[in-house]
């Protein structure tokens, strides 16, 4: 039995997660469980976990760690009650030796005793805050995916993890630029303040109408292109590292946690 | 040749660090290199590094990670130029099997290829901000060490690391309580907002005049005792874990970095 986005729109976060776990819902999570932190997912084997965590620490804007499992334990205990990372994300991407080889809606058959799951903050959190502050967001109004671009900004490497920073772009009224910088800086676990604004060429983007991921989005008169570090950055680093096995969420289909998206820290105390 | 605190008071951060490296200065770093992030230090062997980093992630208020070395590499590349963690802290404490066995001013002879160094944010950063906002701090005015207490608040465990949260106490005018919460919340890498205020007994402190570390500090009429998570917490966890070998800074004698203490992230790009 499947359940529609509309049917889940007003459901609480645990109801949405149950629908995902049972495979009744397998699509994007934007606009669901409003008010709760959503997260990107990266699962690596233990031999790479410390290097990956160092990579995240050194690149806190694209890769803000909000939760880490114990080795081999699929329960994300600090992010909520009964969150099983093997089933509670709508869809997963499987990478082998740096290549996307498969997607699936449950990874219980792939889970190993040496795996470590990382949840990384995502832009939905600050987009909620931006919308609350009365900023229009073209991709939200038009039901598209935010445009994302590879840049010439290098991330800081750690072990096998390195590569370009990926950014997302939102067109913002020029006279509200300072305001949006201040608002987004208040969300260090959701990419923080923008990394660039204005001329895209400065960060190596030569055609703003041709994003590497997501949908083209207009920058109209009176608007400035504003770029934030993006959670696709670690996926690019993982592909580059060529690990034998790595699992991520499918972009847009995030982990929904029990943490308020305005919480000071993303930690739920053990019960 | 030794150099006095007074002689270093107006020196820049690299000059202070050179004096420390050469062992010309071996005392507390409070009030030195103002405007630069200072950090607590914990060095563990690689087999414990992932668990320790998970412990820090799960307890971000007492243990905010601001830098991590590569395994076996003593240079803290993301925290500044030419920072050698073996020599650039005034004094080190050496723990063996959970016991403090020795202190020294240089650990080059103890450094091993399997060691990982963690720098953790410290309260000096938000104390600077508090002082700038015109709050008097009794322990600063009276040249004492802030009082610290073990509490009944449990940290979230990770591997062998667990134990009580340690807090520091500052007496704040009751009518400025909201203001100080707001200011300190702006420094998530320096313990963030307070964890408790008011009755000390609620968090297991039964005699406010008898701190476990630091100096007794009065709470006068019109003041409230305000408690922040403290960087001594991980030292308590390390002792409890009983690791064969662990090295920390000596409390009060911190690592001075090249990072501005108002920087959005504690990361200096590679040069």
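Would a scan of the range A:209-229 turn up a residue that is more than 23 Å from residue B:61 (Cα to Cα), within 14 Å of another protein chain (Cβ to nearest Cβ) and surrounded by fewer than 22 Cβ atoms within 10 Å (Cβ to Cβ)? Checked against the condition, which is being more than 23 Å from residue B:61 (Cα to Cα), within 14 Å of another protein chain (Cβ to nearest Cβ) and surrounded by fewer than 22 Cβ atoms within 10 Å (Cβ to Cβ), the range A:209-229 yields no hits at all.
In this structure, is residue B:191 buried (at least 19 other Cβ atoms within 10 Å of the Cβ), within 28 Å of residue A:192 (Cα to Cα) and within 13 Å of chain A (Cβ to nearest Cβ)? It is true that residue B:191 is buried (at least 19 other Cβ atoms within 10 Å of the Cβ), within 28 Å of residue A:192 (Cα to Cα) and within 13 Å of chain A (Cβ to nearest Cβ).
Among the residues of the range A:189-199, none is identified as touching a helix residue (DSSP H, G or I) at 6+ places or on another chain (Cβ under 7 Å), farther than 27 Å from residue A:260 by Cβ and assigned to a loop (DSSP other than H, G, I, E, B). Inside the range B:53-90, residues that are more than 14 Å from chain A (Cβ to nearest Cβ) and either over 14 Å from the mean Cα position of the chain (by Cα) or surrounded by fewer than 18 Cβ atoms within 10 Å (Cβ to Cβ) (or both) make up a count of 9. There is at least one residue in the range A:111-130 that is surrounded by 18 or more Cβ atoms within 10 Å (Cβ to Cβ), within 14 Å of chain B (Cβ to nearest Cβ) and out of contact with any helix residue (DSSP H, G or I) (no Cβ under 9 Å at 6 or more places or on another chain).
Residues in the range B:124-145 that are under 21 Å from residue B:42 (Cα atoms) and at pLDDT 90 or above: how many?
0
Restricting attention to the range B:145-157, the residues that are surrounded by fewer than 19 Cβ atoms within 10 Å (Cβ to Cβ) and under 16 Å from the mean Cα position of the chain (by Cα) add up to 1. Residue B:239 falls short on exactly one of the conditions (1) surrounded by 14 or more Cβ atoms within 10 Å (Cβ to Cβ); (2) in a loop (DSSP other than H, G, I, E, B); (3) out of contact with any helix residue (DSSP H, G or I) (no Cβ under 9 Å at 6 or more places or on another chain), and that condition is (2).
Among all residues of the range A:201-223, there is at least one that is in contact with a strand residue (DSSP E or B) (Cβ under 7 Å, 6 or more places away or on another chain) and free of Cβ contacts under 8 Å to residues at least 12 places away in the same chain. When the range B:138-188 is limited to residues that are within 14 Å of chain A (Cβ to nearest Cβ) and part of a strand (DSSP E or B), the one that is farthest from residue B:123 (Cα to Cα) turns out to be B:158.
Examine the range B:98-110 for a residue that is touching a residue at least 24 places away in the same chain (Cβ under 8 Å), within 14 Å of chain A (Cβ to nearest Cβ) and part of a strand (DSSP E or B), and state whether such a residue exists. Looking through the range B:98-110, none of the residues is touching a residue at least 24 places away in the same chain (Cβ under 8 Å), within 14 Å of chain A (Cβ to nearest Cβ) and part of a strand (DSSP E or B).
The values are calculated or read from the model by the stated rules, or taken from the named source; none is laboratory data. Remember, predicted model here, so these are calculated numbers, not experimental data. In this analysis, Cβ positions are derived from the backbone assuming ideal geometry, glycine residues included, and neighbour counts consider all displayed protein chains.
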